[in-house]
Amino acid sequence: MAEKVFGRPDALLDVPTHYCPGCHHGIIHRLVAEVLDELKATDRTVGVASVGCSALAYDYFNVDMVQAAHGRAPAVATGIKRVLPDGVVFTYQGDGDIAAIGTAEIVHAAARGERITTIFVNNAIYGMTGGQMAPTSLVNQVTTTSPYGRKLESAGMPIKLSELLATLDGAKFLARVAVNNPANMAKAKAAIKKAFEIQISGLGFAMVEVLSTCPTNWGVTPIEANKWMESNMMPYYPLGTFRSEEVAK
Amino acid sequence: MSEKILMKGNEAIGEASVVAGCRHYFGYPITPQSELIEYMARRLPQVNGEFVQAESEIAAINMVYGAASAGARVMTSSSSPGISLKQEGISYIAGSQLPCVIVNIQRGGPGLGSIQPGQADYFQATKGGGHGDYRNIVLAPNSVQEMADITIDAFDLADKWRNAVMILGDGALGQMMEPVEFKESTRIPVEKPWATTGRHGRIKPNIVNSLNLQPDLMEKHNHVLQDKYARIEAAEARWENLQTVDAEIIVVAYGITSRIATTAINKARANGIKVGMLRPISLWPFPSKPLSDLAQQVKAFVVFEMSAGQMVEDVRLSVNGKRPVFFHGRTGGMLPTPKELYEKIVAVSNGEGGK
Amino acid sequence: MPRPVINEERCKGCELCTIVCPKKIMVMADHFNSKGYRPSSCSDESQCIGCALCARTCPDVAIEIWK
């Protein structure tokens, strides 16, 4: 009698997504959904979608969802969590949303120690709007708004958000992970799980920064994109844990 | 509570919101409404509410958006420049049909402006301010008692219509102290089956959203909103008539300006001029019909505002060319005196109304 | 006997599953799905060890593992 040993988690709706072939959003969505199911949190979760390629995330997660204005998801999540302290509230944001227009909101949500969980998808480019430079784009990286490559003297160095937030006491768990291979994927899932456990135990703010690819706007295949990320992004954005408090069992 | 107590206007709004069942407030300090955020900081913990001083007015309106999505009665407040910051959030609230109360204690502008009272945010409040086709219900009190009463009504109206309600005050009303008593809220708790509370067994997730990439569906949604606004217009216009029955000249003024105008009108009446006032209490929906009706009977209208002339345009639209509409305004935070308003009434009465 | 079950209509032909399979039995099919993508397919189910790496790598949850 055949049985299914791996399939779609309950927290992920059985619908096709609009993401490009090979886009890591799909993998990250599934990991978040698996964690919500494993923590038995799905039924009391409210997710906050942001503005970027994942703007339509509200159609993909099997939880109540709120669409937030660009950059404002941590503030929206704060409003929700203050009304539903026993709920599980997460934001799902890209690099422009969190590190450009939304820098104040993420810093202050972390500083306040808001009991929310943020999933930050860093692919060093603005995907949805067609490939413009992001605050996390690398020096010399060619984008549609840095056609000669990102210039250090004009645009500065890219922002390392996990390290930046690590100065804040309210941030109880900050980790940078990747989903480019199975080993990293397993670590990413463990980090996402810990980030939600930090919220559920009431400790404070948690964020997982997931290094990701954008094959379409980087102009490469999904397999080549993984390699580009490994060669170019990982040296600048080291994987690791930048803050970690222990969750009381 | 039926005893009268002396309170500042800003604080009366705060207490009234608590009477109305508001337990979530998100705001940022700005003169001349900081007493309101400070009152909420003291009062909400006393009733197990949640107070957050946000990092900006933008963050505050987005916290309101989140709390309203989750089904709470929620309020924010600011003054003119801060209300400008909130406009994107207000448009999202309108598009998502979320109930909430937004208080603007107006000051002189434009730009950083002055900290004295103004009424130059009328366009922003009633015509948009944020992008897209939408309307906020806008209520304009003119006394501390009315600030309290209107605040309680605002929460009921917001829930009834799933709409933002803006309370348009000004720095004078916010700072003045008058006796006030707080009526019981007539609130019938409104079910919010659409709220994002967590599914808790519900099969279909609730989504609060204003994005729609298909233009035909976006248009359908706009029709839904416009239909709602038409029903609000038919049901919620509020105004007060003062000595209008035999009036030949009608003053139109709201907020603190209407209080000063009352003094001018009484002096004019004492000197034999038949003048009255229609005081709009709802600025949206605007009391167009009563103004249009009055246009049959009177000789002229004169509009007083603390602006370069904003509400006067709606008065002209309502009167629709039937009678002349004159205007007198002060800007920058200056309050008109009863004397200058009286002199304008006299001039209009003598056929020398000017503009 | 473990085997992958591929939802061909959900596959976007990204090929990520083809490089993670330790038995090298995930390959792209010769035909197209209705969206114009070549879906992945399993070239030899008897070799499948049920590690689920292909399913875990798939961004579209287009692969289930059955035993």
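Only the coordinates and a few stated rules stand behind these numbers; no lab work does. All values derive from a computational prediction rather than experimental measurement. Here Cβ is always computed from backbone atoms with ideal geometry, including for glycine, and neighbour counts include all displayed protein chains.
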query = Scattering from the C-alpha atoms of region B:1-67 alone, worked out with Debye: what is log10 I(q)/I(0) at q = 0.12, 0.25, 0.28 1/Å?
reply = -0.30, -1.16, -1.34
query = Can you give the relative contact order of chain A as a percent, counting alpha carbon pairs under 8 Å and 6+ residues apart?
reply = 18 percent
note = Counting sequence-distant residues (5 or more places) and residues on other chains, those with an amide H built under 5 Å from that of B:Ile137 are B:Ala164, B:Met166
query = Mean separation of Cα pairs under 8 Å and 6+ residues apart, divided by the residue count of region B:240-349: what relative contact order is that in percent?
reply = 32 percent
request  = Scan region B:83-136 for chymotrypsin sites (Phe, Trp or Tyr not before Pro) in coil per DSSP, keeping those whose Cβ has at most 13 other Cβ atoms within 10 Å, and list them by number.
outcome  = none
query = Angle between the Cα long axis of helix B:9-19 and the longest principal axis of chain B, 0 to 90 degrees, nearest 10?
reply = 40 degrees
task = Pick out which of B:Gly201, B:Gly276, B:Gly109 has the largest mean-square fluctuation in a Gaussian network model of chain B, springs linking Cα atoms closer than 10 Å.
result = B:Gly201
message = Could you tell me the calculated FRET efficiency between B:Ala270 and B:Leu112, based on Cβ-Cβ distance and R0 = 51 angstrom, to the nearest 0.05?
response = 0.75
ask   = What FRET efficiency do you get for A:Tyr148 and B:Asp216 if R0 is 45 Å and r is their Cβ-Cβ distance, rounded to the nearest 0.05?
value = 0.60
query = What stretch of chain B, leaving out the sites themselves, is the longest with no GluC sites (Glu not before Pro) in a DSSP loop having at most 10 other Cβ atoms within 10 Å?
reply = B:4-183
request  = Provide, as a two-decimal number, the C-alpha radius of gyration of chain B over 2.2 N^0.38 Å, N being how many residues it has.
outcome  = 1.00
remark   = Semi-axes of chain A from the Cα gyration tensor (sqrt of 5 times each eigenvalue, largest first, whole Å) come to 27, 22, 17
request  = Go ahead and collect, in residue order, the members of region B:1-33 whose backbone nitrogen is under 20 Å from a label point 7 Å along the Cα-Cβ direction of B:Leu335.
outcome  = B:6-13, B:31-33
remark   = At R0 = 35 Å the Cβ-Cβ FRET efficiency linking A:Ser244 and A:Thr129, nearest 0.05, sits at 0.55
task = For region A:1-96, state which trypsin sites (Lys or Arg not before Pro) are in a DSSP loop and have at most 13 other beta carbons lying within 10 Å of their beta carbon.
result = A:Lys40
task = Take the alpha carbon atoms of region B:144-171, find their center, do the same for region C:31-67, and report the distance between the two centers in whole angstrom.
result = 58 Å
task = Take chain B, connect every pair of alpha-carbon atoms lying under 10 Å apart with a spring to form a Gaussian network, then pick out the residue of B:Pro324, B:Pro117, B:Pro189 with the largest mean-square fluctuation.
result = B:Pro189
inquiry  = Take B:Val190 and B:Lys299, extend 7 Å from each Cα along the Cα→Cβ direction, and tell me the distance between the two endpoints in nm.
reply    = 4.6 nm
message = Among DSSP bridges having both ends in region A:24-244, what percentage is antiparallel? Round to the nearest 5.
response = 20 percent
key: Rounded to 5, percent antiparallel among DSSP beta bridges of the protein assembly as shown   = 30 percent
request  = Please arrange A:His24, A:His70 by counting, for each residue, the other beta carbons lying within 10 Å of its beta carbon, fewest first.
outcome  = A:His70, A:His24
Greater than 31 Å apart at Cα, pairs in A:Lys40/B:Lys220; A:Lys194/B:Lys204; B:Lys4/B:Lys299; B:Lys160/B:Lys322; B:Lys86/B:Lys228 = A:Lys40/B:Lys220; B:Lys4/B:Lys299; B:Lys160/B:Lys322
inquiry  = Counting other beta carbons within 10 Å of each residue's own, what order do B:Leu291, B:Leu85 fall into, fewest first?
reply    = B:Leu85, B:Leu291
